[in-house]
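Presented below is the structure to which this report refers.
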Amino acid sequence: MDLQAVIAEKITEKGAISVAEYMNLALSHPEHGYYIKKDPLGKAGDFTTAPEISQIFGEMIGAFLAQQWRIMGEPATTLMELGPGRGTLMSDMLRITRHVEGFHNSLSINMVETSPYLRAAQQGKLYGQHPDISWLETIELPPKPLLLVANEFFDALPIRQFVSQGKEISERMIALRDGKFIFSPENAPVIREHCPAALDITRKISAHIAAHGGVALFIDYGYIGGSRADTLQALKNHEYHDPLEDVGDADLTAHVDFNALKDAAKAGGATVHGVISQGMFLSRLGAPVRAKMLCKNASDEQQKTILSALSRLIEPEQMGDLFKMICLTGARHPKPEGF
Ligand code: SAH
């Protein structure tokens, strides 16, 4: 049975399911879920992420976190990544910070990953880079300071959507007709959506940082202000796809509501910096300077690749503006560089 059949059977037996449940099954069904069974990243996959575009992304974030650790007073720290994909970001962060005195020795690294497939890829990529790396299915935080990074993690968490029909507001569901999925009610405008899991996780991390200290960076594509009605989208082979088709074989995401994340973080007790754009953050941290350095020992062809990857990350009309970030810190922590 494929995922289409599994979900269809569920709907036939129990009735329509919410968009959140559909998204959860599509991405995380233990056998057929999109993230569970294959590598969605890169040219051969369905989408490409910033760490896969250029090593500079991970290098800037690694240097940023090491600097925050210094400011925190160089404590024994949990370094956690949420949804680490192929492990490229962590690998680049560890390589660039190898010579920061005392840093690696003070870290216990936690990779939070539900996909056995990607977990294996991460283990391969990180082999030999650090003696204390463990993998978790969910976020568990030991009582000590935290450095955390999540890139394109929140967009993969299930959203709930609400529709209006006349005066009535109801949750948007997914039903079955002639063996195909349809939205139910049909053709009713979506008036809002939200992502309870993202808010819960943000509150939890924020409360931890308020109590134990730390710095968390959330990077994702999303919006500031207002609430968008319907941002549910599917991507397959780098192209937009119908979210109700090829379930489990297309990536399913929603844009991240940064104001909602900020509110959740404030409610949890942390101080929030940003929202700023990815392009601005990387530029302020010196990504263009780093690119020039990498170009020094590179062939003409390689230089072209390095510079076009840099443009992709920071130019406003490419990923620079759509991707945004916030940083959570403890109350007494100074405003972090770049924000
Ligand atoms: N951060 C990586 C990958 C982004 S794709 C990069 O930038 O390249 C989303 C990642 O989140 C994948 O690793 C996926 O398996 C993981 N993921 C999705 N839902 C998750 C969940 N509920 N808990 C933990 N990891 C999850």
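The values are calculated or read from the model by the stated rules, or taken from the named source; none is laboratory data. As the structure is a prediction and not an experimental result, all values here were calculated from the model. Heads up, the Cβs are rebuilt from the backbone with ideal geometry, glycines too, and the neighbour counts pull from every protein chain shown.
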The lone exception for Ala260 - which of (1) in contact (Cβ under 8 Å) with a residue 12 or more places away in the chain; (2) hydrophobic (A, V, I, L, M, F, W, C); (3) surrounded by fewer than 16 Cβ atoms within 10 Å (Cβ to Cβ) it fails: (3)
Filtered residue count, segment 112-125, keeping only those that are touching a helix residue (DSSP H, G or I) at 6+ places or on another chain (Cβ under 6 Å) and more than 12 Å from Leu82 (Cβ to Cβ): 2
Conditions (1) crowded, with 17+ Cβ neighbours inside 10 Å; (2) on the phi < 0 side of the Ramachandran plot; (3) within 13 Å of the ligand (Cβ to nearest atom); number of the one not met by Glu152: (2)
Answer residue from segment 39-68, given it is β-branched (Val, Ile, Thr) and under 18 Å from Gly338 (Cα atoms) and is farthest from the ligand (Cβ to nearest atom) among those: Ile56
Enumeration of residues in segment 1-26 that are modelled with pLDDT under 95 and within 16 Å of the ligand (Cβ to nearest atom): none
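Residue-by-condition table, conditions (1) without any contact (Cβ under 8 Å) to a residue 12 or more places away in the chain; (2) surrounded by fewer than 20 Cβ atoms within 10 Å (Cβ to Cβ); (3) within 25 Å of Tyr34 (Cα to Cα):
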residue	(1), (2), (3)
Leu147	no, no, no
Ser164	no, yes, no
Asp178	yes, yes, yes
Ser184	no, yes, yes
Ile209	no, no, no
Ile219	no, no, yes
Ala234	no, no, yes
His241	yes, yes, yes
Leu244	no, yes, yes
Every pair of residues 6+ apart whose Cβ atoms lie under 7 Å, when the first sits in segment 121-136 and is surrounded by 11 or more Cβ atoms within 10 Å (Cβ to Cβ) while the second is of a type in the set (Asp, Glu) and part of a loop (DSSP other than H, G, I, E, B): Ala121/Asp39; Gln122/Glu113; Trp135/Glu113
